[in-house]
Amino acid sequence: MEVTPFCLSVVVSFHRISSALTSRHHYHVTHTLSLALFFFLLHIRTGPAAQINFMGYARAGQTAHGIHQRLRARAFIIGQRMENTNHDVKETMKAEPIEMEEQKYKSYYWDTAALIQRHRNDLRNHNDMQHQHQQQRTKQYSDVLLDPNKTVCFVSIDAGMGSDLINMRVVQRLNEETNGTTTERSLQGLCRIDNLSISATHTHSAPAGFLQYALFQITSLGFSDEVFQAYTEGIVQAIRKAFHNIEPVEINVAQGLLFNVSINRSPTSYLLNPEEERLEYAAQGDTDKNMVQLTFTASQSGEKRGLLNWFAVHGTSMNASNQLISGDNKGYASYLSERYFNGNETLTGDGRFVAAFASTNLGDVSPNTVGPRCTDTGLPCDIVTSTCGGDCMKCVAQGPGRTDHHSTEIIGRKQYEHSLQLLQDTNKEQVKVVGPVAFRHSFVEMSNVTIWLKDGNITHTCPAALGYSFAGGTTDGPGDFPFHQGTNTSYPFWNMMGGFLSIPTAEEIYCQFPKPILLNVGKCVVPYSWDPNTIPISIFRIGHVFILNVPSEFTTMAGRRLRKAVQNVLESQNVMNTSIVIAGLANSYSHYVTTEQEYASQRYEAASTLYGKHTLTAYIQEFERITTDLLQNSPSESAASPPDLYDQQISLVPPVLLDTIGLGYRFGSVAIDAKDQYRTNETVGVSFRSSNPRNNQRIGGTFLTVDILSGIDGEWHTIYVDSDWCTQYRWKGGDGYLGVSFAEIHWNIPKETTTGLYRICHNGTRNTIIGVIEMSLDHIPGWMVSSLLGSYAINIVLQIARMALYLSHSLRRATTEKLAHFHYKDFHGCSRAFLVR
Ligand code: ZN
């Protein structure tokens with residue numbers, strides 16, 4: 001059977017996430033045709049299997065083509081033991097030193113994504129093995145029951161931002177999946193919506209498509225269930241591992257200033273804040289230089305178990321041209337720290353020590369410390385509008401390194417080294433964390449918060465809207481001409497374009513003033529909401545450390561004001577000597593938050609402050625409320641949860657159709673082999689005949705290994721995997737639609753590498769023809785294929801095939817794993833052995 005590529009492109013665009021085809025199916029057929037054509041054009045440019053777009057720079061062409069570092073979830077469960085007594089609340093409040101349990105976490109492999117079915121199967125197998133292992137380890141503490149009301153679950157993920165839909169699914173999954181053991185049962189209900197925070201590091205080199213709001217899906221071709229499931233599964237597994245690694249620990253907090261790692265990318269906006277306020281922070285300047293770090297040390301053994309670190313800087317060291325999945329500077333800092341504590345002999349991804357470098361108020365903070373320059377002249381850009389000759393695309397900030405890769409290394413390493421200093425036992429700044437664990441959480445309908453101003457007047461926030469400068473982007477990732485930052489007048493043409501989606505009312509325009517509205521996102525509901533109107537906020541208390549979880553990017557001064565407001569509430573209730581941190585981009589995403597003064601300048605951060613100039617005031621008011629509730633032990637009022645829009649999601653991301661290979665070759669065979677020998681610091685480059693990596697994410701596994709031949713047992717031993725900094729896995733899609741592809745693997749030989757024989761191997765999974773037929777037929781309306789191919793006979797064949805498929809679906813429900821096994825076949829290949837000396 002031959003189906004033209006064009007048909008397939010059209011077909012995949014109908015694919016909706018909900019599995020059942022509803023009566024609305026035809027409605028979508030007619031309404032997605034123009035998009036299908038658009039998609040077809042894109043398809044030619046990006047190759048046969050369009051990969052997943054990266055979240056952050058909003059560039060349609062920036063799609064994943066391999067792995068530099070795997071993305072990870074790092075989970076920390078911190079709680080108090082269950083007490084039998086009906087204790088007096090006031091006693092808990094006295095902040096007496098009490099023992100706390102910390103259960104950590106552990107990183108989990110993710111990458112671009114595979115077919116969900118496959119992915120789930122992989123996980124189950126992996127989990128079974130892990131589970132047995134974990135059970136033995138946790139026996140020791142299996143009698144420890146944490147009090148769910150005195151436990152917080154914090155997860156730092158290498159991703160663009162948090163997602164309310166992911167939080168919902170993670171909590172559901174944690175409650176669903178148990179195997180009935182006591183330990184598993186006690187995990188049920190332990191991490192919930194109100195005490196779970198999933199905060200993203202804000203790397204701009206991680207897959208998009210996992211947010212349920214339409215605005216974030218424009219460049220990613222809609223929602224991507226592959227990415228959504230991968231993130232959800234990774235987080236669930238991280239929390240489960242944390243739970244199974246329970247042990248009593250001592251927690252310390254330390255802080256210290258770190259310079260030369262960050263600059264303010266909207267310095268003119270910062271200067272609009274009152275001078276006396278800026279003088280208060282003169283030692284740090286226009287970005288927060290203070291790094292705050294929690295360290296966890298096993299009470300019994302005294303071994304270091306992990307750290308949780310906050311330092312304000314954007315995950316934009318890797319620039320918009322990067323196509324390899326990367327944790328950016330934060331991911332590299334975590335990698336170095338985990339490698340240091342777990343030892344070089346431990347494979348990356350294994351080992352007990354976990355280091356999370358989490359995000360905080362990084363809204364106006366760039367890691368590109370050389371600052372913005374014009375790409376054509378090399379001169380500084382216009383400072384107010386960040387343009388060169390009126391063009392924002394020419395104004396790009398440069399990092400401290402020769403390349404973006406090098407800059408990531410420098411900024412990541414500096415954070416790691418500073419963290420190590422803070423952690424050292426000799427550091428006098430370390431303070432033992434004592435006191436209760438507690439939390440408060442609220443959903444806030446941010447589009448309509450009534451605000452009591454200090455002068456006695458009452459005002460309110462506005463429905464979400466983005467200003468013109470939003471489209472101007474930032475100097476870390478410029479937007480599109482003719483937009484630029486600092487725009488506070490509007491253009492009639494773009495008003496008309498934005499108006500197709502929703503025309504702002506006079507009241508909305510007044511409310512958002514001086515922001516000219518480009519996209520009235522709060523009112524855009526086609527095909528579903530464009531941006532959240534309801535957001536989650538929460539405060540976690542761990543002794544005298546307070547974590548403020550916000551679903552947004554606070555600018556430096558906005559963050560300082562929020563922390564100060566919470567500190568005032570705490571001190572008014574005699575809770576002194578606190579450490580307060582903001583956990584950014586947590587649990588949902590509602591863009592930026594600036595101060596009212598910064599809002600007036602309408603640079604990118606201000607144009608992206610969704611709910612108007614009082615957005616920060618609303619946050620402060622709401623945090624004062626939940627902090628007071630926490631201290632007074634009263635429940636917090638909450639708006640209704642944001643909607644679950646999963647079943648409405650539209651995806652235009654094509655499935656993997658077919659992997660093929662030239663006649664006479666086999667999958668996994670070497671296309672370009674290694675040389676006979678190399679020296680350290682040289683790069684080995686090999687290429688394998690391969691398949692689309694989306695077929696199997698190799699969760700808990702790797703697409704590549706670097707092996708050394710042991711002189712002791714004569715066996716090959718793996719020393720590096722695809723997550724290591726010195727390795728790169730690049731997926732090269734072939735020409736046309738034949739599905740031919742190659743895996744290019746590079747190993748930059750570290751200087752400490754010992755003399756010996758090495759080899760590089762590749763693991764892959766191919767999609768067989770049976771899978772292709774099923775997938776194609778599954779989504780092709782027969783009438784369309786027949787009309788396009790103009791053949792009645794083909795239509796009959798197709799109808800018969802569809803019937804067979806229907807039967808096979810029923811069969812599949814019973815034999816899912818077997819069939820998946822039939823569709824996908826693993827392959828493996830290795831280069832020749834080569835000498836490193
Ligand atoms: Zn950002």
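The values are calculated or read from the model by the stated rules, or taken from the named source; none is laboratory data. Quantities reported herein were computed from a predicted structural model and do not represent experimental measurements. Cβ sites come from the backbone with ideal geometry, for glycine too, and all protein chains shown count toward neighbours.
Points worth noting:
- Given (1) at pLDDT below 80; (2) in a loop (DSSP other than H, G, I, E, B), number of the condition Leu788 does not satisfy: (2)
- Scanning segment 756-774 for residues that are of a type in the set (S, T, N, Q) and either within 14 Å of Ile719 (Cα to Cα) or under 29 Å from the mean Cα position of the chain (by Cα) (or both), we see that the one that is modelled with the highest pLDDT is Asn763.
- One residue stands out among those in segment 236-290 that are basic (Lys, Arg) and within 26 Å of the chain's Cα centre (by Cα): the one that is nearest to Val354 (Cα to Cα), which is Lys241.
- Val370, sole failed condition from (1) surrounded by fewer than 21 Cβ atoms within 10 Å (Cβ to Cβ); (2) closer than 25 Å to Phe554 by Cβ; (3) within 24 Å of the chain's Cα centre (by Cα): (3)
- Condition check for Glu605: touching an Asp or Glu at 6+ places or on another chain (Cβ under 7 Å) and closer than 25 Å to Ala283 by Cα: yes
- Here segment 596-630 is the region considered, the condition is being over 24 Å from Ser163 (Cα atoms) and hydroxyl-bearing (Ser, Thr, Tyr), and the residue that is surrounded by the fewest Cβ atoms within 10 Å (Cβ to Cβ) is Thr628.
- Annotation note: Cβ proximity below 6 Å between a residue of segment 261-286 that is over 30 Å from Ala333 (Cα atoms) and surrounded by 15 or more Cβ atoms within 10 Å (Cβ to Cβ) and a residue that is at pLDDT 95 or above and not hydrophobic (A, V, I, L, M, F, W, C) (sequence gap 6+ or interchain) occurs for Leu272/Gln597; Leu272/Glu598; Asn273/Thr595; Asn273/Gln597.
- Matching strands (runs of 3 or more DSSP E) fully within segment 235-351 where at least 1 residues are modelled with pLDDT of 95 or more and within 16 Å of the ligand (Cβ to nearest atom): 304-310
- Filtering Thr680, Thr705, Thr753, Thr718 for residues that are at pLDDT 95 or above, touching an Asp or Glu at 6+ places or on another chain (Cβ under 9 Å), of a type in the set (Ser, Thr, Tyr) and in a loop (DSSP other than H, G, I, E, B) leaves a single hit, Thr680.
- Some residue of segment 622-638 being in a loop (DSSP other than H, G, I, E, B) and either under 29 Å from Ser266 (Cβ atoms) or within 16 Å of the ligand (Cβ to nearest atom) (or both): no
- Evaluation of Phe311 against (1) over 21 Å from Ala558 (Cα atoms); (2) in contact with a strand residue (DSSP E or B) (Cβ under 7 Å, 6 or more places away or on another chain) (one fails), failing number: (1)
- Scanning segment 216-234 for residues being within 16 Å of the ligand (Cβ to nearest atom) and under 17 Å from Asn587 (Cα atoms) gives a total of 1.
- Within segment 460-474, residues that are under 17 Å from Glu596 (Cα atoms) reach partners that are of a type in the set (Val, Ile, Thr) and part of a strand (DSSP E or B) with beta carbons closer than 8 Å, at six or more positions or on different chains, in the pairs His460/Thr450; His460/Ile451; Thr461/Ile451; Ala465/Ile517; Leu466/Ile517; Gly467/Ile517.
- Those residues of segment 611-621 which are in a loop (DSSP other than H, G, I, E, B) and touching an Asp or Glu at 6+ places or on another chain (Cβ under 8 Å), in sequence order: Lys613, His614
- Restricted to segment 502-610, the set of strands (runs of 3 or more DSSP E) holding at least 2 residues that are within 25 Å of Pro267 (Cα to Cα) and within 16 Å of the ligand (Cβ to nearest atom) comprises 579-583.
- Leu190, sole failed condition from (1) at pLDDT 85 or above; (2) surrounded by 24 or more Cβ atoms within 10 Å (Cβ to Cβ): (2)
- Tally, over segment 644-670, of residues that are under 29 Å from the mean Cα position of the chain (by Cα) and buried (at least 16 other Cβ atoms within 10 Å of the Cβ): 13
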